[in-house]
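The structure appears below as structure tokens.
Read-outs throughout are calculated quantities, based only on the coordinates presented, and are distinct from any laboratory measurement. Worth saying up front: this structure is predicted, and the values here are computed from it rather than measured. Note: ideal-geometry Cβ built from the backbone for every residue, glycine included; neighbour counts use all protein chains shown.
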Amino acid sequence: MIEILVTLFILSVGLLGVAYLQFVGSFTNSESLSRSQSVLVAQQFSERLRSNAVFSITGDGLVVDNNYFDAGLYNFANLACAGGGLPYQCYCLSRPIVIPDCNNNICTNAQVATLDAYEVSCAAVASNPEIEVLLSCEDNNLADAQACSVGSKHIVTLSWPVENWQNINRTLNATCNVGKTTPFDCVSVDITL
């Protein structure tokens with residue numbers, strides 16, 4: 001009888017170890033999914049920027065419309081959801097009326113920027129509702145009217161909150177946590193048009 005109890009105890013300790021590995025594996029898979037989805041969305045967004053760039057009037061090269069740098073267009077900041085719920089179900093299952101439909105008619109560069117910001121935001125939150133999209137620029141010519149002048153670096157950043165668990169502090173990327181009060185992880189893609 002004692003041998004059976006010892007065997008059951010050893011077996012239960014082993015099963016607890018397997019359960020812990022399952023927990024750690026699912027946590028790691030969630031982080032990996034956020035990272036891989038963010039890389040895909042950042043690449044998609046950089047391709048959208050390249051395809052919608054136009055020749056600059058003031059310089060020798062390509063620029064995108066200034067509306068691409070309007071932070072209010074990303075992360076559904078300018079939209080309201082009556083039903084509540086997760087961002088994808090709330091905003092992305094059907095296109096809101098305020099978002100132009102540039103697939104079926106001719107749009108201005110500003111309207112294309114609005115549609116691109118909306119579609120990139122939807123692609124970002126498809127797997128993680130907490131992902132935030134940001135497009136910034138290291139402008140090399142502040143004197144012109146362009147928000148991001150010819151030859152300037154465009155920075156596409158997707159960030160999401162992360163958790164410390166098991167009292168293990170993670171090493172945080174400083175660029176992901178500028179102005180944040182909680183820890184964030186991010187993916188950043190730099191492009192020059």
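Would you mind telling me which residue in VAL125, VAL54, VAL178 has the biggest mean-square fluctuation in a Gaussian network model of the chain, where springs connect alpha carbons within a distance under 10 angstrom?
Residue with maximal mean-square fluctuation among VAL125, VAL54, VAL178: VAL178.
In whole percent, what relative contact order does segment 34-192 give with Cα contacts below 8 Å and a gap of six or more residues?
In percent, rounded to a whole number, it is 26.
Once fully extended, how much extra length lies between LEU15 and ARG50, figured as 0.36 nm per residue of separation less the alpha-carbon to alpha-carbon distance?
Here the segment from LEU15 to ARG50 would lengthen by 7.4 nm.
When Lys and Arg each count +1 and Asp and Glu each count -1, what net charge do the other residues less than 12 Å away from PRO87, Cβ to Cβ, add up to?
After counting each charged neighbour, the total is -2.
Taking trypsin sites (Lys or Arg not before Pro) that fall in a DSSP loop and have at most 16 other Cβ atoms within 10 Å as cut points, what is the longest piece of the chain between them?
The longest such stretch corresponds to 1-169.
Please check: in the Gaussian network model of the chain (C-alpha springs, under 10 Å), which one of CYS122, CYS107, CYS176 has the largest mean-square fluctuation.
Among CYS122, CYS107, CYS176, the largest GNM mean-square fluctuation belongs to CYS107.
Assuming R0 = 41 Å, can you tell me the calculated FRET efficiency for the pair ALA126 and LEU5, based on Cβ-Cβ distance, to the nearest 0.05?
0.25
Once you order the gyration tensor axes a ≥ b ≥ c over the Cα atoms, which shape class does segment 79-139 get: rounded for a/c under 1.5, otherwise prolate or oblate by comparing a/b with b/c?
Taking the square roots of the gyration eigenvalues as a ≥ b ≥ c, segment 79-139 is oblate.
Using the beta-carbon distance between LEU79 and LYS180 and R0 = 22 Å, what value does 1/(1 + (r/R0)^6) give for FRET efficiency, to the nearest 0.05?
Approximately 0.45, to the nearest 0.05.
How far, in degrees from 0 to 90, does helix 2-51 lean away from the longest principal axis of the Cα atoms of the chain, to the nearest 10?
0
Using label points projected 7 Å from each Cα along Cα→Cβ, tell me how many nm separate ASN140 and ILE97, to one decimal.
Those two pseudo-labels are separated by 4.5 nm.
Mean residue ellipticity at 222 nm from the helices of the chain, using -39,500 (n - 2.57) per DSSP H segment of n ≥ 4 over the full residue count, to the nearest 500 deg cm²/dmol?
Taking each H run of at least 4 residues, the total per residue is -12500 deg cm²/dmol.
Quick one: among GLY59, GLY72, GLY83, which has the greatest mean-square fluctuation in a GNM of the chain with alpha-carbon springs under 10 angstrom?
Residue with maximal mean-square fluctuation among GLY59, GLY72, GLY83: GLY83.
Using alpha carbons only, how many degrees (0 to 90, rounded to 10) separate the axis of helix 109-125 from the longest principal axis of the chain?
0
Using the Cα atoms as the points, what is the convex hull volume per residue of the chain in Å³?
164
Between ASN173 and GLU31, how many nm apart are label points set 7 Å from Cα along the C-beta direction?
In this crude label model, ASN173 to GLU31 measures out at 1.3 nm.
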